[in-house]
Every structure is written in structure tokens, then in C-alpha cells.
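Worksheet: the structure to be examined is printed underneath.
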């Protein structure tokens with residue numbers, strides 16, 4: 001028993017979830033198939049028919065998208081307010 005992964009167009013773009021199991025020397029009925037397993041992890045694999053292997057085409061940014069800056073916690077907000085108030089007191093007391 002072997003699993004073959006289908007790639008659905010001439011460019012080799014992988015169609016997620018489209019794999020079939022074949023017994024012994026059975027051949028796929030139609031479409032583009034390979035018995036090469038997908039590398040893990042994979043984001044945007046394309047099958048290179050010349051090299052007979054999967055190639056990852058996702059960019060670094062697609063693989064590792066920038067993380068949003070987290071909101072400051074309530075404690076951090078309070079510390080910032082206290083620091084600003086303290087700065088105001090220090091400046092007011094120094095006659096500036």
C-alpha cells in the first residue's frame with residue numbers, strides 16, 4: 001500500500017486533502033500524481049516534475065508572519081501613569 005499525493009495543475013500546485021491510496025502497482029486513473037510525500041512542515045508546496053520532488057514556495061514572511069504588538073497590561077498602564085505623574089512632580093518641584 002502506498003499513498004500518492006495529487007497535484008492538480010501543470011505548475012504542480014498541491015491540492016490539500018486530495019490524496020489517494022493505491023494497492024501494489026496500481027496506477028492513478030487520471031490527473032497529476034506523485035508518490036513523493038510532502039515535506040513537513042509545508043506552506044505552499046509545488047511539485048517540480050524535473051527534479052521529481054516537492055519545492056517550498058512560501059516566503060519567510062508567509063512562514064513567519066509578524067506578530068502584532070500586544071496591548072499593555074493594566075499594571076503596565078498604571079505604572080506608566082504613575083511614572084508620568086512622578087515626572088510632572090519632579091519637574092514642578094525643580095522650578096523648570
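Assorted remarks:
- C-alpha long axis of helix 74-93 to longest principal axis of the chain, angle in °: 30
- Fraction of beta bridges assigned by DSSP in the chain that are antiparallel (%, nearest 5): 100
- As a length-normalised measure over Cα pairs under 8 Å and 6 or more apart, the relative contact order of the chain settles at 21 percent.
- Rounded to 0.05, the FRET efficiency of the residue 24 and residue 56 pair, given R0 = 41 Å and the Cβ-Cβ distance, is 0.85.
- Only helices enter the 222 nm calculation for the chain: every DSSP H run of n ≥ 4 contributes -39,500 (n - 2.57), and dividing by all residues gives -8000 deg cm²/dmol, rounded to 500.
- Per-residue packing, averaged as other Cβ atoms within 10 Å, sorts the ranges 51-60, 85-94 into the order 51-60, 85-94, beginning with the highest.
- Peptides 23-32, 8-17, ordered by how many other C-beta atoms sit within 10 Å of their residues on average, highest first, read 8-17, 23-32.
- For the chain, the Rg and Dmax computed from alpha carbons only, in angstrom: 28.3, 91
- Value in Å of the Kirkwood radius, where the range 1-51 supplies the Cα pairs that are averaged: 11.5
- Förster radius 41 Å - calculated FRET efficiency between residue 80 and residue 15 (Cβ-Cβ, nearest 0.05): 0.20
- Three-way shape call for the range 30-70 based on the alpha-carbon gyration tensor, with the a/c threshold at 1.5: prolate
We did not get these values from a lab; they are worked out from the coordinates using the rules stated. Note that the coordinates shown come from a computational prediction; the quantities given were computed from them, not determined experimentally. Cβ atoms come from the backbone with ideal geometry, glycine included; neighbour counts cover every protein chain shown.
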